[in-house]
Structure formats: structure tokens, C-alpha cells
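Reviewing the structure listed below.
The values are calculated or read from the model by the stated rules, or taken from the named source; none is laboratory data. Being a predicted model, the structure only gives us computed values, none of them experimental. For neighbour counting, all protein chains shown are included, and Cβ atoms are generated from backbone atoms with ideal geometry for every residue, glycine included.
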Amino acid sequence: MVAVARNADALDDLRTQMSANGGRIVTCAADVSDLAAVERIAVVAIEAFGGFDSWINNAGIGTYGTLDQVPAADHRRVFDVNYFGVLHGSLVAARHLRERGGGAIINIGSILGDRAIVQQGPYCATKHAVQALTDTVRMELEQDATGISVTLVKPAAIDTPFPEHARNFMDQPPRLPQPLYAPEVVADAVLFACAHRKRTLYAGGGGMLSSILSQAAPRLADRIMEAVGTRAQQKPNDRGDPSRRDNLYEPRTDALRGSQDVRVRRSSVMVQVQKVPRPAISIAILAGGAAALAWATRPKWRT
């Protein structure tokens, strides 16, 4: 594995832990908004392992606040990492995988690529852009019959320090709305996509329900978001840490998990359902429909 982050010290700790457990890992400190840095990642992988067959674009940053509160420079920075980072990674990965005759590119999007919310406008915009970019990359690679699969993973709210690391312009500390899922739920979906050709994988059923609602009743979803969206993303009883530093321009050196005192779901039935081959799902649906029809049309015996 090649692990990439801006924080070289954190990468060293990860390498030590994985090596102690028998893992084969090299690290590369890089900012994915820099194309040259992303190209260096591929060189590191080729030198260490002779290449790679799967590439995951995962880096992401964000802000909390209304669009008129977030400075244009910060808005652009979110796009530099969240969108251009994925673009850089996809182009570099595709170039190498074409030569190998196939492989997998997995882009981490978000449920907010389906449904925008208040207070996170720049982040939502980048995730909508990542969805369009992923579809375009997939079509271009399929058009050339490269054998490369391109998957978009859409996590729901995940128990990471995203709220602690985001640049906050609200008057209260931010939080993630429930339900909250463990990072392992996303990792499970990513590993599956490395070995199976899937277009989209939702990581967390709560996020998928939000997506369905926004598509079926967009105005209702808007009204709900306008009514509770800000409150659901704030911790009113937590004054926060005034010295807290975000990771918009520099890496943070703390925390792998979030700090919210709520139940975190360790698994997702939705992820497991999406792993089932489509024929099996179709059979299950048909069987369920047949059973329901049989029950509805059963003879009514008199007593």
C-alpha cells in the first residue's frame, strides 16, 4: 500500500504500525492540489511495488458557514483539494492503469453530491463536481475499452474529525448530523470496489434515504433543510476550543476519529446489500413480490 497525506509525521506513525503487523507500506507526503505532487505518488508506487492496480482519491477539506461568510480564497481552496485533487489523481492513475491493461479508480464523493445542505455550500459544490467528473472519467475510459473500472463511493456522515478540522464561520462549533457511521463502513465499500466493477456505492443507509427523498420530493427536502439544517450541524452546549486550528491550508496533527458523544454505527446493511450481484437482487425482489401476491390473493375461508 502507498499511504498519502500532507502530514509526514502521521504517515511515519502509520508505517510503523502497519509494518509491525506484517503490512507492506510506503508513504508519500503530498498535497493533492499539486499535480506534480500527485505524479510523484505514482512514481513512489512504481519504485516500491512495480506499480498499482487500484487508486483511491479520498482527500477532502471543508468549511462551515453561509456562502457570503466564506471568503472566495477559502472557497477556491476547497475546490483545489476536493475537486482538482480528484482530477489529478484520476488522470495520473488512468495513465498508469492503461499501460497495465486495467485496474480500479475509486473516488470518494459524498451524499452531499446528491443533496446540498446549508452551511456547507463550497463542500457540497465540490462533491457535485466530483460526481460529474467521475462519470466523465468512466465514460472516457470505457469508450477506449481500457478495462479500468471507475467507482464513486458516497459516504453518509462518518465519524471522522471533519467538523473539528473544517474552517468554521458559524457562531457555534460544528458537528455532523446523525446517523453517524464508522470509517470502516467506507473502507468496506472501497475494498469491495477495488475488486468488483461497481458504478456507485452508498456507504451508510441514512445517506441513501436522504438522496431518495431529495430526488422524490426536492422542495420538501429544501424545506426540511431550511428548518433544521443549521441546528443539526451545531453543538449549542459546546463552546469549543478558541485555539482550534483548521486544516484548510496546513495539515492537522491530531485525531483520527470524531469527538461527538453519540452512537456510531459500526456496519451498514446498505453496503452489504450493494455487494449482492444484481441477478440475486432481482430474484429476491421477484420472490418477495410473488409471495406478497400469493398472500393477497389467498382464498378467504369462512369459519
Out of curiosity, is Leu201 in contact with a helix residue (DSSP H, G or I) (Cβ under 7 Å, 6 or more places away or on another chain), part of a helix (DSSP H, G or I) and surrounded by 19 or more Cβ atoms within 10 Å (Cβ to Cβ)? no
Would you kindly identify the strands (runs of 3 or more DSSP E) lying entirely within region 1-98 that contain at least 3 residues that are farther than 22 Å from His128 by Cβ? 2-5, 26-29
Looking at region 126-172, which of the residues that are assigned to a loop (DSSP other than H, G, I, E, B) and either over 23 Å from His75 (Cα atoms) or basic (Lys, Arg) (or both) is modelled with the lowest pLDDT? Asp159
Since Ala10 meets every condition but one in (1) in contact with a strand residue (DSSP E or B) (Cβ under 7 Å, 6 or more places away or on another chain); (2) touching a residue at least 60 places away in the same chain (Cβ under 8 Å), which condition does it not meet? (1)
Could you tell me which residue of region 4-38 is farthest from Gly85 (Cα to Cα), considering only residues that are of a type in the set (D, E, K, R) and buried (at least 16 other Cβ atoms within 10 Å of the Cβ)? Arg15
Across region 99-119, which residue is surrounded by the fewest Cβ atoms within 10 Å (Cβ to Cβ) among those that are outside any helix (DSSP H, G or I) and touching a Phe, Trp or Tyr at 6+ places or on another chain (Cβ under 8 Å)? Gly103
Ala227: over 21 Å from the mean Cα position of the chain (by Cα), modelled with pLDDT under 95, over 15 Å from Ser110 (Cβ atoms) and among the small types (Gly, Ala, Ser), yes or no? no
Region 53-78: number of residues that are crowded, with 16+ Cβ neighbours inside 10 Å and within 15 Å of Met170 (Cβ to Cβ): 6
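Conditions (1) hydrophobic (A, V, I, L, M, F, W, C); (2) surrounded by fewer than 23 Cβ atoms within 10 Å (Cβ to Cβ); (3) without any contact (Cβ under 8 Å) to a residue 40 or more places away in the chain, marked per residue:
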| position | (1), (2), (3) |
| --- | --- |
| Cys124 | yes, yes, yes |
| Thr136 | no, yes, yes |
| Leu152 | yes, no, no |
| Asp159 | no, yes, no |
Which pairs have Cβ atoms under 9 Å, sit 6 or more apart or on different chains, and link a residue in region 214-228 that is without any contact (Cβ under 8 Å) to a residue 12 or more places away in the chain to one that is assigned to a helix (DSSP H, G or I)? Leu220/Leu213; Leu220/Ser214; Asp222/Ser214; Ile224/Leu213
Picked from region 61-82 (must be within 14 Å of the chain's Cα centre (by Cα) and in contact (Cβ under 8 Å) with a residue 60 or more places away in the chain), the residue farthest from Tyr249 (Cα to Cα) is Gly62
Residue that is over 30 Å from Ala145 (Cβ atoms) and of a type in the set (A, V, I, L, M, F, W, C), where the choices are Ala48, Ala8: Ala8
